[in-house]
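Peer 1: Could you have a look at this structure, given as structure tokens, before my questions?
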Amino acid sequence: MIGMLENLETRQGLPVEMQTLLRDYPRDAWPDHPNFAASIQNWLGAHVMFGRLADIVEKDTQTQLDRNSDLRDYVGRLGHFGNLLVANLHGHHTWEDRNYFPELSRADPRFDGGLQMLEADHEVLDAGLQRLTEHANRTIQLATLDPKQVREQAALVLQDVRDVKTYLGRHLPDEEDLIVPILLHHKMRG
Ligand SMILES: [Fe+2]
Ligand SMILES: [Fe+2]
């Protein structure tokens, strides 16, 4: 059971009781640490990419709602970048749940509560991605079937992608603050 302090939509950062290793391995010191492996850098890079894809979908949709882009171009880009965002992000956290978190738990079971919190975040994120997918697909269909109705659906896409950005803005830094110190401390993924 996830309480208010651990809930993605209400918490203010990594809960203090999960910061045991973060105090010894603060974020500023990660890049220069000898155990900061390329695979850790790549994982952090994937997080940056999700933010960029969400930014593209948000900006494109806002531009369309402001009537400053061609509808065909917009839905083409929405299909492309929306799909990249949803597919890559869903694949990323499915891999974390099935492979990465169990590996971390075996290395240091002290943080199992934190990993469970992050898994619960993934469920909230998945629900947001599901809404985004439905509204984006409907927007793309309406561009052909009934263009006058596109605006209403695109407004929902804008809200959905903003929700996803809000979730990512809390989930990703907390996930990194929990996990990178474990990786450095146990010299993992080198
Ligand atoms: Fe992640
Ligand atoms: Fe995650």
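Peer 1: Checking the conditions here, which among G51, G114, G82 is within 14 Å of ligand 2 (Cβ to nearest atom), under 30 Å from E152 (Cα atoms) and of a type outside the set (V, I, T)? So that I can check it myself, show each step before the final result.
Peer 2: On the way: G114 fails: under 30 Å from E152 (Cα atoms); G82 fails: within 14 Å of ligand 2 (Cβ to nearest atom).
Answer to the selection: G51.
Peer 1: Further question: Return yes or no: is A120 of a type in the set (G, A, S), within 16 Å of ligand 1 (Cβ to nearest atom) and either in contact (Cβ under 8 Å) with a residue 24 or more places away in the chain or in contact with a His (Cβ under 6 Å, 6 or more places away or on another chain) (or both)? Spell out the reasoning first.
Peer 2: On the way: of a type in the set (G, A, S): yes; within 16 Å of ligand 1 (Cβ to nearest atom): yes; either in contact (Cβ under 8 Å) with a residue 24 or more places away in the chain or in contact with a His (Cβ under 6 Å, 6 or more places away or on another chain) (or both): yes.
When the stated conditions are applied, A120 passes them.
Peer 1: Test each condition in (1) in contact (Cβ under 8 Å) with a residue 60 or more places away in the chain; (2) under 19 Å from H93 (Cβ atoms); (3) surrounded by 21 or more Cβ atoms within 10 Å (Cβ to Cβ) for P181 and report the one that comes out false.
Peer 2: Here P181 meets the rest and fails (2).
Peer 1: Within the stretch 159-167, does at least one residue satisfy the condition of being within 16 Å of ligand 2 (Cβ to nearest atom), more than 28 Å from H135 (Cα to Cα) and surrounded by 19 or more Cβ atoms within 10 Å (Cβ to Cβ)?
Peer 2: No, the conditions are met nowhere in the stretch 159-167.
Peer 1: Filter the stretch 11-33 for residues that are loosely packed, with under 11 Cβ neighbours inside 10 Å and either among the polar types (S, T, N, Q) or under 19 Å from L125 (Cβ atoms) (or both) and give the result.
Peer 2: Listed by number, the list holds a single entry, Q12.
Peer 1: I need the full set of residues from the stretch 144-165 which are touching a Gly at 6+ places or on another chain (Cβ under 9 Å) and either away from ligand 1 (no atom under 16 Å from the Cβ) or of a type outside the set (K, R) (or both), in order please. Explain how you work it out, then say what you get.
Peer 2: Our first condition is that a residue be touching a Gly at 6+ places or on another chain (Cβ under 9 Å); within the stretch 144-165, this holds for 157, 160-161, 163-165.
Across the stretch 144-165, the qualifying residues are V157, D160, V161, D163, V164.
Peer 1: Moving on. Find the residue count for the stretch 113-148, including only residues that are basic (K, R) and closer than 17 Å to T166 by Cβ. First the steps, then the outcome.
Peer 2: So the first thing to find is which residues in the stretch 113-148 are basic (K, R), and the list is 131, 138, 148.
Narrowing further to those that are closer than 17 Å to T166 by Cβ: 131.
The total comes to 1.
Peer 1: Let me ask something additional. Of everything in the stretch 96-120, what is more than 15 Å from H171 (Cα to Cα) and either touching a Phe, Trp or Tyr at 6+ places or on another chain (Cβ under 8 Å) or aromatic (F, W, Y) (or both)? Give them in sequence order.
Peer 2: Result: Y100, L104, S105, F111.
Peer 1: Which pairs do you get when a residue that is under 21 Å from H171 (Cα atoms), found in the stretch 27-50, comes within reach of a residue that is within 16 Å of ligand 2 (Cβ to nearest atom) and modelled with pLDDT under 95, reach meaning Cβ atoms under 8 angstrom, with the pair 6+ apart or on two chains?
Peer 2: Partner pairs satisfying both residue conditions: S39/R189; I40/R189.
Peer 1: Quick check on the stretch 74-116: of everything there that is within 17 Å of P181 (Cα to Cα) and among the aliphatic types (A, V, I, L, M), which residue is farthest from ligand 1 (Cβ to nearest atom)?
Peer 2: The extreme case among them is A107.
Peer 1: Please determine whether any residue of the stretch 48-70 is over 21 Å from the mean Cα position of the chain (by Cα), buried (at least 16 other Cβ atoms within 10 Å of the Cβ) and of a type in the set (A, V, I, L, M, F, W, C).
Peer 2: Checked against the condition, which is being over 21 Å from the mean Cα position of the chain (by Cα), buried (at least 16 other Cβ atoms within 10 Å of the Cβ) and of a type in the set (A, V, I, L, M, F, W, C), the stretch 48-70 yields at least one hit.
Peer 1: Follow-up question, since we're still on this one. So which residues in the stretch 98-111 are without any contact (Cβ under 8 Å) to a residue 24 or more places away in the chain and either surrounded by fewer than 16 Cβ atoms within 10 Å (Cβ to Cβ) or more than 13 Å from ligand 2 (Cβ to nearest atom) (or both)?
Peer 2: Listed by number, the residues that qualify are R98, N99, P102, S105, R106, P109.
The values are calculated or read from the model by the stated rules, or taken from the named source; none is laboratory data. Predicted model, so just to flag it, every value in this text is computed and none were measured. Ideal geometry is used to build each Cβ from the backbone, glycine not excepted, and the neighbour counts take in all protein chains shown.
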